[in-house]
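Enquirer: One structure coming up, written as structure tokens, with questions to follow.
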Amino acid sequence: MKITSVVEKNKEGDFLLKWEVSPDQEGQIDIYSAISDSALSNFVPVKTSQITDQFAIFNPTGAGIREYFFLKTGNTTSGIIANRIIEMDNIKNFRDIGGYFTINNEQIRWGRIYRSGDLSSANIFDKERIKRLGIKTVVDFRSRENAQLHPNRLGNGIRIISLPMSMGMDTVNQKIEKGNFSRSDAIKYIQDMYVGIVEDYKQEFAELFDILIDESNYPILLSGALGKDRVGLASYFILYSLGVPDYMLEEEYMLSNNTIDITKVVENAEGYPEYIQEALTAVLTVNQAYLNYTLDYLREKYGSIDNYLQKELRVTNGKRNILRKILLYNP
């Protein structure tokens, strides 16, 4: 028997918990809740539902940002469940990369590594939420020029580490203004850009893993412009190193399309010709083809993703073991 479950915040600010039990069956399912995931013994039963209900709604009992749940029916329990997406006012694509399971059925801890878009426009509400999440370290992948023009001001106590990776967006903007940029041009551009990132910024990715093996840096927030490309690749390499299976890696990568509102990124997008709008959509979203193209490139050149991580990014077995101890529940 297996319990698959997810929780998210609904429009009313309540927690919507959904589950499936396979194989299908009837019976009761117990729901436990806590405001911390530090120990299962802290979880208390809050409701018993029917398996066939498949969902339950809960009012926040704590700070309202995070609440943790797990489910139990018979001798079968789910993993620890929490809302992945953290709602912010001015920060796009803010979410937790915890909660996924490895191929060995070990679960990644929630609240250790977050990812997001640009933090420079964070308002008081956003800054307070970041503070309440306890974030100690921000890794900023934006280019030096972008970071200087739009500095992060998150307040005292948060260390900002710059690992700049340029994406060459100026060239794209010029082509859009001149009107000679199609969707196929955009796809080719993003694919080439991804290859450029994994080739040109090996040292920066290696430094990221050095940051990740120092437990005093946690919780960590990975940040970029929209938090989908450089941050997406970094998140992929981290989760891959922990043993998360391919379909979950793809799911995590593609989630950016659910958390970025393109209409709020480009002003007056409807004023462009349709083919330019299609190109903008290709640039401002993630696509499985972008990721697959990059992974195929790495496999062809380095033999495997593991070889790339170990030989080029210095992600040794020793570092992976340290990451497991820091980032997995009961490794």
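Enquirer: Do you know which of the residues in the stretch 115-142 that are in contact with a helix residue (DSSP H, G or I) (Cβ under 9 Å, 6 or more places away or on another chain) and either without any contact (Cβ under 8 Å) to a residue 60 or more places away in the chain or of a type in the set (Phe, Trp, Tyr) (or both) is nearest to ASP200 (Cα to Cα)?
Expert: It comes out as PHE141.
Enquirer: Another question, then. Tell me which of these ALA225 doesn't satisfy, since it passes every other one: (1) part of a loop (DSSP other than H, G, I, E, B); (2) open to solvent by less than 30 Å² (accessible area, probe 1.4 Å).
Expert: (2)
Enquirer: Pairs only if they're at least six apart or on different chains, beta carbon under 8 angstrom, first in the stretch 308-331 and of a type in the set (Ser, Thr, Tyr), second open to solvent by less than 50 Å² (accessible area, probe 1.4 Å) and not in a loop (DSSP other than H, G, I, E, B); list them, first residue then second.
Expert: TYR308/VAL198; TYR308/LEU298; TYR308/TYR302; TYR329/GLN107; TYR329/ILE108
Enquirer: Is it the case that some residue within the stretch 67-74 is open to solvent by less than 80 Å² (accessible area, probe 1.4 Å), over 20 Å from SER33 (Cβ atoms), modelled with pLDDT of 95 or more and of a type in the set (S, T, N, Q)?
Expert: Within the stretch 67-74 (the criterion being open to solvent by less than 80 Å² (accessible area, probe 1.4 Å), over 20 Å from SER33 (Cβ atoms), modelled with pLDDT of 95 or more and of a type in the set (S, T, N, Q)), the answer is no, since none of the residues qualifies.
Enquirer: Taking the stretch 210-223 on its own, how many of its residues are out of contact with any Ser or Thr (no Cβ under 8 Å at 6 or more places or on another chain) and not β-branched (Val, Ile, Thr)?
Expert: Total satisfying the criteria: 5.
Enquirer: Follow-up. Report the residue count in the stretch 298-321 for those that are part of a helix (DSSP H, G or I), closer than 14 Å to LEU239 by Cα and open to solvent by less than 70 Å² (accessible area, probe 1.4 Å).
Expert: Residues that pass the stated criteria total 5.
Enquirer: Among ILE81, ILE31, which is surrounded by 20 or more Cβ atoms within 10 Å (Cβ to Cβ), closer than 28 Å to LYS131 by Cα and in contact with a Ser or Thr (Cβ under 9 Å, 6 or more places away or on another chain)?
Expert: One residue alone meets the criteria, ILE81.
Results for (1) hydrophobic (A, V, I, L, M, F, W, C); (2) crowded, with 17+ Cβ neighbours inside 10 Å, shown as yes or no for each residue.
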site	(1), (2)
LEU255	yes, yes
ILE260	yes, yes
LYS264	no, no
GLU274	no, no
GLU278	no, no
VAL283	yes, yes
TYR290	no, yes
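Enquirer: Do we find that LEU313 is of a type outside the set (Lys, Arg), at pLDDT 95 or above and over 18 Å from THR102 (Cβ atoms) in this structure?
Expert: yes
Enquirer: Just to be sure, is GLY155 small (Gly, Ala, Ser) and touching a residue at least 40 places away in the same chain (Cβ under 8 Å)?
Expert: Spelling it out, it is not the case that GLY155 is small (Gly, Ala, Ser) and touching a residue at least 40 places away in the same chain (Cβ under 8 Å).
Enquirer: Same structure again: Within the stretch 294-307, track down each residue that is over 20 Å from the mean Cα position of the chain (by Cα) and touching a residue at least 60 places away in the same chain (Cβ under 8 Å).
Expert: Passing the criteria: TYR297, LEU298.
Enquirer: Okay, next question. I need the full set of residues from the stretch 322-331 which are part of a helix (DSSP H, G or I) and out of contact with any Ser or Thr (no Cβ under 7 Å at 6 or more places or on another chain), in order please.
Expert: Passing the criteria: ILE322, ARG324, LYS325, ILE326, LEU327.
Enquirer: Of these, ARG142, ARG132, which one is touching a Ser or Thr at 6+ places or on another chain (Cβ under 8 Å) and over 20 Å from GLU215 (Cβ atoms)?
Expert: Matching residue, one of ARG142, ARG132: ARG142.
The values are calculated or read from the model by the stated rules, or taken from the named source; none is laboratory data. It should be emphasised that the depicted structure is a prediction, and the values quoted were computed from it without experimental measurement. Glycine also receives a Cβ, built like all others from the backbone with ideal geometry; neighbour counts cover every protein chain displayed. Keep in mind that these areas ignore ligands, DNA and RNA; they rest on the heavy atoms of the full protein, side chains included. Shrake-Rupley method; radii C 1.70, N 1.55, O 1.52, S 1.80 Å.
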